[in-house]
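Here's the structure, in structure tokens; my notes come after.
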Amino acid sequence: MPHPILSAVFAKYFTPDLYAPLSRKRKQIRVLDLYPAQEPEDPLKGALRRVRLRDEEVGAYETISYVWGDPHIRGSISLNKRLHSIPLTAAEALRRMRYTDRRRTLWIDSVCINQADMLERERQVAMMGQVFSHGQGNLIYLGAGSEDLYRGLDDIHKIYDEMMEDTIEFEDIEATRLPNNDPDHSLLSSNSKTYTTSRIRCLDDYSYIEELFDLPWFSRVWVIQEAALSRDNTCIVGPATIPLQTLSRAATWMDVKINHPPGSLIDSQGKVTLAHHFDLIEGSYGKRCENRDIYPPASWLLTLVKQLDCSDDRDRVFSILGLLRQAAPQCLLTPNYTKPVRDVLRNATLYVLSEASDFVSNLGKHQHTVTTGSRERSVPVMGSKLADSLVVTG
């Protein structure tokens with residue numbers, strides 16, 4: 001979400017009468033019916049309509065996850081027969097998602113939220129988790145393609161295929177991940193030790209993957225929640241597509257082969273973000289977790305996002321709300337972009353403390369192995385170093 005100081009920019013570019021008020025009680029959002037076009041350069045046309053975010057309407061739209069970029073660089077779309085200014089990156093994403101033969105129903109924040117209305121923005125931010133979890137799928141626009149990026153995608157597929165073969169279609173992946181308390185690999189089974197200490201056979205040059213992982217989407221603070229809560233995630237680079245699952249599994253395999261890919265790749269923000277996606281979607285807190293009552297602790301999530309990019313430090317808190325368990329007082333974290341950053345961070349600290357008190361009787365019983373950087377560590381549901389977890393700019 002953009003910084004509040006840009007409200008003047010939004011007021012200049014947005015057409016207020018396109019945005020009929022949304023009902024908070026009925027959990028309304030807007031979706032965009034994007035009209036088809038034969039050629040990519042054809043003008044964007046569509047219509048906005050309001051829908052209720054209810055269970056019976058799940059799957060009626062697809063979400064778009066992308067990078068805002070400079071909000072002053074503009075594109076345009078005809079909405080309800082009125083020309084409307086939008087960020088150029090949003091226009092590029094919509095052109096890529098547009099069908100040639102039928103309408104496509106989409107949700108994209110810069111179009112479907114009235115960015116000139118601060119109150120609406122705050123209320124819609126509070127619903128982001130539901131917006132992405134109720135969609136049919138999430139379309140991740142990484143940007144225009146290039147030959148080097150396509151080479152990077154090909155290399156990812158090579159690593160993925162090797163990993164699937166070595167892990168029995170991924171079923172054996174957890175046994176191969178390096179424990180933090182076993183620097184000499186003495187606790188690994190002989191099979192797992194072979195995985196960890198042997199090279200990735202299919203690849204010697206990682207430069208194209210490094211370029212892929214350097215794309216700005218992987219450094220956005222909002223992508224953690226967007227991808228973790230979506231039913232399905234498809235990454236789009238120019239005309240090419242690849243499941244986010246393929247990228248996150250390949251990144252996890254690079255963690256297994258920690259001593260062999262170059263350090264610049266292992267420590268890159270793209271690789272780290274993808275490893276976290278694995279943990280949230282398939283790992284300790286994801287679909288492969290047997291205990292479905294386990295939620296990622298707020299302290300861990302706040303540590304995870306503090307290295308990611310955002311234009312407003314409040315979003316380091318607001319961007320994870322959909323991933324939090326509901327027992328602790330959510331009112332502490334109600335999105336409010338007029339509140340000073342320091343107050344938002346203080347409330348986040350109070351929330352973490354409240355979350356800890358809910359679990360104090362079970363502290364130490366719920367242990368998880370979570371990925372931090374290229375290693376794993378075992379942590380309780382509530383992390384112990386609270387102050388370290390909440391060190392963010394502000």
Only one of (1) farther than 22 Å from residue 222 by Cα; (2) surrounded by fewer than 17 Cβ atoms within 10 Å (Cβ to Cβ); (3) at pLDDT below 70 does not apply to residue 373, and that is (1)
Residue list for the stretch 210-264, filter: within 22 Å of residue 137 (Cα to Cα), free of Cβ contacts under 8 Å to residues at least 24 places away in the same chain and of a type outside the set (S, T, N, Q): 243
Restricting the first residue to the stretch 81-103 and requiring it to be assigned by TED's automatic domain parsing to the domain that holds residue 39, which pairs with a second residue that is part of a helix (DSSP H, G or I) meet a Cβ separation below 6 Å and a spacing of at least six or different chains? 85/13; 86/110; 86/111; 87/110; 90/110
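The values are calculated or read from the model by the stated rules, or taken from the named source; none is laboratory data. Small disclaimer: the values here were computed from a predicted structure and weren't measured. Neighbour counts are summed over all protein chains in view; Cβ atoms, including those assigned to glycine, are modelled from backbone coordinates with ideal geometry.
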